[in-house]
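**Q** Below are the C-alpha cells for one structure; questions will follow.
The values are calculated or read from the model by the stated rules, or taken from the named source; none is laboratory data. From a predicted model like this one, the values you see are computed outputs, not experimental measurements. Methodologically, a virtual Cβ is constructed for each residue, glycine included, from the backbone with ideal geometry; neighbour enumeration extends over all protein chains shown.
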Ligand code: SF4
C-alpha cells in the first residue's frame, strides 16, 4: 500500500484527524513474518530474540477536522512508532509446561483456546467463561464481541473497561435525559461560549487540541476549572481568563449542591424552561435547602463568596456550558455528582438550547461507541436493554436465533473480576483491549483473581502486564492496519482506515472471533469484513436509542458529518434535546441527590487523600505509550506530587524515594514537590505498572448505580524510605518489559 489514508488517532476520544502516508520500505527492512517477542518478563520466556528497532512504516500529519483543526498532541504525533516497535508481538504465544510463553501457530493457539473453553463450559456452565472488552475497540469489534459472548460462548459474563471510565456519566445522562451521548452538541459549539465550567477534567494534558475550543470563554474571562490540583487546564484561567476553584478532594457533590442552592435562593433559575421541559423541581429544591454557601465552604474549602459569584456567572446569560470529566465521576457517588451537574445545567436552562449545554467528556478512543453496541453486561446493540423482550426479539431476528438463546444480564466489571476463580464465578477469561492489572481498582486482588483462573486469553499488540499473565496471547492488528468505525466524544461516527499491511503474524480481532466461533460450532454468522459487520450492526441498532441504521461506510467516506441517533432516512442528530428529551414524555428529570457521609473514608491524622490522574505523555494503562521512546523519556516513572508544606511536615525532599501505602498495597515512587496540589492530597498518575501501579491503592467499592469504582479519592500514608531501601527500588520501574 502506498496511498495516504485519512484516519484518526489511535488514542483518546477526541479522535484527532490524521493522514497516514506509507513509507516505502526496502525489502530487506521488512520484518520477518514471525515478529519479536519482548524482552523476558517474569514468569515468561522470550521464544525469539527481540527485533531491532525499525523506522515507522507511515508518516503522520494532522488533518483539518472540526475537533482538532489539524492539531495533534505528542501521543498522536508519535503513534506510528508502535507499528514496528521491537516489542510488538508477531505470533501467538502459549504457556508451556515449563511456565513460559512459547510461540505457536494460529491453528494451535485457537484450537487450544476453543478446546479449553468447551471443557470449562461443559464442566462449570456457560457463565464460567467471561469476556472483558475495551473502550478502544472499533464499533465493529465491540459489536461482534458482544455477539460472540452471547451466542458463541452463551455467557452473560461480559463487561468492559468503560465501566471504569464513563459509567457514572452514562448512568446520570440516562437518568436525566433518557439517553447517553457524551456531548449532545458538536464540539465547535463551545467556540462561541462566554462561560465554560469544567468539572474534574484536565483537557490541556489529556486532549490538548481541545483547548482551542476554550478560547472564546477565556477571552470573555469565563473559563472556570474545578479541580483539587492546579493542572495545566487550571492554569488556562490565569491572567483574567477565568477562575480556578480548588475544592478538597471528594467534595464535588457538596460544591454542586451549593451552586444549586445559590441558583435557587437568588432566583437565577430559568423558570419557564424548568416548568416546560423538566419534572422534579420541588423535590430538588427541598433537597438543597441546607446547602447554604457557608456550609459548603466548611466542607469543600471553597469560599462562600466564590460560590455565589460562580453561580451568578453561570446564570449571567447565553453561552454557558457545563462539562464534567472523570475527576468528578470516578467515585462511589459519581452518578449522583454527575446528576448534580446536570441538575445545575437544567435549572439554568442550558441543555438543548443553541449556544449552551451540558456534556461529559468521554476519555477512551471509542468510549462512546464502545458503550452502545453490546459490550456492557446489561445491554444489546443500539443501547438496548438486555432485559427488554422487544429488544431481545429484535436483536435475535438480526442474529437469526431464538430470543431465548440470548443470555440475560451479567455482572459489571468489578463484580466480574471479583468472581475470578471463585466458586460459581468465572474460570476462563478472554480480554480484549484492556490491561486489567494496571487499570483496575485494587489491582493486587485482580492479579490474584487472574492467577486463580483455569484459562486467561489476552488479545494485544504487546506483552502488557496482563498479557504476561496469560495462558494464551493472541497478537492483533493496530489502528493503521485495519478498517472500521469509531464514535468520538461528540457522538460523531468516523472512519478508521487501513494505511499499511499488518505484519504476517498478527490477526484482526474480527477474524479471531469468527475462527473461535467456528471452532465452538456456533451456527450464527460471524463476518470478518468490517463493512459487512457494520451493516449488521446497523440492523441490530435500528430502532434503538443509539440508532445507526441510516449510516453507511460510503457516506462516512464522502466526509459527511454523522452524529447518532441516525435512523434510516434521517439526517442524523448533531444537536440533541432541541425540542424534547429522550424520556417518553419528552421531559428531563431533575433528580434530588444527597451527600452520603459514609460514601468514602476521610483521612485521619498523618494521612492524605490520594488523587489519581493522567499525564500528557501517556494514555490509560501506558501499555502503548510507555513503549514510545520519546514519551517514555519524558515521563519514565510515576512521581508522587506533594505540596512543599506537606513534604516538610513529613521530612521529604524533592526526589526522595517514597512509599505511598494503605491497607490494600504500597507503591514505590519518587517525590515531586509542587504547589499545584493541595496540602491535604498526594497525586499519582495511573499509567504505570508493577510496584508503581497507583491502582494498588484504589478501592474496588463501587457506585451503587453505575458500578464505577472509587478511583479518585483514597486514603494513604506517605513515608520517606531510608536511602538504602530507596536504592533497592527497581531501576526504571516505569519501563515496560
Ligand atoms: S488529543 Fe487524543 S486523539 Fe488527539 S492526538 Fe492526542 S491522544 Fe490523539
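**Q** Here are some residues: 277, 285. Which one is in the same structural domain as residue 222 (by TED's automatic domain parsing), touching a helix residue (DSSP H, G or I) at 6+ places or on another chain (Cβ under 8 Å) and free of Cβ contacts under 8 Å to residues at least 24 places away in the same chain?
**A** Just a single option satisfies the conditions, and that option is 285.
**Q** Picking from 374, 425, which residue would you name as being under 20 Å from the mean Cα position of the chain (by Cα) and either surrounded by 21 or more Cβ atoms within 10 Å (Cβ to Cβ) or within 28 Å of residue 562 (Cβ to Cβ) (or both)?
**A** Within the list 374, 425, the selection yields 374.
**Q** Just a yes or no: is a residue in the stretch 669-676 modelled with pLDDT of 95 or more, in a loop (DSSP other than H, G, I, E, B), over 25 Å from residue 74 (Cβ atoms) and out of contact with any strand residue (DSSP E or B) (no Cβ under 7 Å at 6 or more places or on another chain)?
**A** yes
**Q** Return a yes/no flag: does the stretch 102-122 have any residue that is in the same structural domain as residue 494 (by TED's automatic domain parsing), more than 16 Å from the ligand (Cβ to nearest atom) and at positive phi.
**A** Looking through the stretch 102-122, none of the residues is in the same structural domain as residue 494 (by TED's automatic domain parsing), more than 16 Å from the ligand (Cβ to nearest atom) and at positive phi.
**Q** Something else: Among the strands (runs of 3 or more DSSP E) confined wholly to the stretch 1-64, which include 1 or more residues that are away from the ligand (no atom under 16 Å from the Cβ), over 30 Å from residue 188 (Cα atoms) and modelled with pLDDT of 60 or more?
**A** 17-22
**Q** Of the numbered conditions (1) surrounded by fewer than 20 Cβ atoms within 10 Å (Cβ to Cβ); (2) within 18 Å of residue 342 (Cβ to Cβ), residue 303 fails exactly one; give the number of that condition.
**A** Failed condition: (2).
**Q** Something else now. Please work out if residue 105 is buried (at least 23 other Cβ atoms within 10 Å of the Cβ) and closer than 20 Å to residue 461 by Cβ.
**A** It is false that residue 105 is buried (at least 23 other Cβ atoms within 10 Å of the Cβ) and closer than 20 Å to residue 461 by Cβ.
**Q** Of all residues in the stretch 509-547, how many are more than 16 Å from residue 397 (Cβ to Cβ) and touching a strand residue (DSSP E or B) at 6+ places or on another chain (Cβ under 7 Å)?
**A** 4
**Q** Run down 318, 265, 254 and say which single residue is at pLDDT 95 or above, farther than 30 Å from residue 699 by Cβ and more than 16 Å from the ligand (Cβ to nearest atom).
**A** Criteria check complete, one pass: 265.
**Q** Give the number of residues within the stretch 356-385 that are free of Cβ contacts under 8 Å to residues at least 60 places away in the same chain and either in a loop (DSSP other than H, G, I, E, B) or out of contact with any strand residue (DSSP E or B) (no Cβ under 8 Å at 6 or more places or on another chain) (or both).
**A** 1
**Q** Another one. How many of the residues making up the stretch 617-638 are within 14 Å of the ligand (Cβ to nearest atom) and buried (at least 20 other Cβ atoms within 10 Å of the Cβ)?
**A** 9
**Q** Using the structure shown, decide if residue 698 is closer than 16 Å to residue 610 by Cα, surrounded by 19 or more Cβ atoms within 10 Å (Cβ to Cβ) and in contact (Cβ under 8 Å) with a residue 40 or more places away in the chain.
**A** yes
**Q** Taking into account only those residues within the stretch 546-565 that are in contact (Cβ under 8 Å) with a residue 24 or more places away in the chain and either assigned by TED's automatic domain parsing to the domain that holds residue 493 or over 24 Å from the mean Cα position of the chain (by Cα) (or both), which is surrounded by the most Cβ atoms within 10 Å (Cβ to Cβ)?
**A** Selected residue: 551.
**Q** Just one of 136, 130 is in contact with a helix residue (DSSP H, G or I) (Cβ under 8 Å, 6 or more places away or on another chain) and in a loop (DSSP other than H, G, I, E, B); which is it?
**A** 136
**Q** Could you grab me the full set of residues in the stretch 221-233 that are free of Cβ contacts under 8 Å to residues at least 40 places away in the same chain and over 17 Å from residue 300 (Cα atoms)?
**A** 221, 223, 233
**Q** Considering only residues that are assigned to a loop (DSSP other than H, G, I, E, B), in contact with a helix residue (DSSP H, G or I) (Cβ under 8 Å, 6 or more places away or on another chain) and away from the ligand (no atom under 16 Å from the Cβ), which ones fall in the stretch 65-88?
**A** Scanning the stretch 65-88 gives 85, 87.
**Q** Moving on to the next point. Going through the stretch 176-193 one residue at a time, which ones are in contact with a helix residue (DSSP H, G or I) (Cβ under 6 Å, 6 or more places away or on another chain) and assigned to a loop (DSSP other than H, G, I, E, B)?
**A** Within the stretch 176-193, 180, 193 meet the criteria.
**Q** Would you pick out the residues in the stretch 216-234 that are out of contact with any helix residue (DSSP H, G or I) (no Cβ under 7 Å at 6 or more places or on another chain) and either in a helix (DSSP H, G or I) or on the phi > 0 side of the Ramachandran plot (or both)?
**A** Selection gives 217, 219, 221, 234.
**Q** I would also like to ask the following. What single numbered condition from (1) at pLDDT 95 or above; (2) in a loop (DSSP other than H, G, I, E, B) fails to hold for residue 659?
**A** (2)
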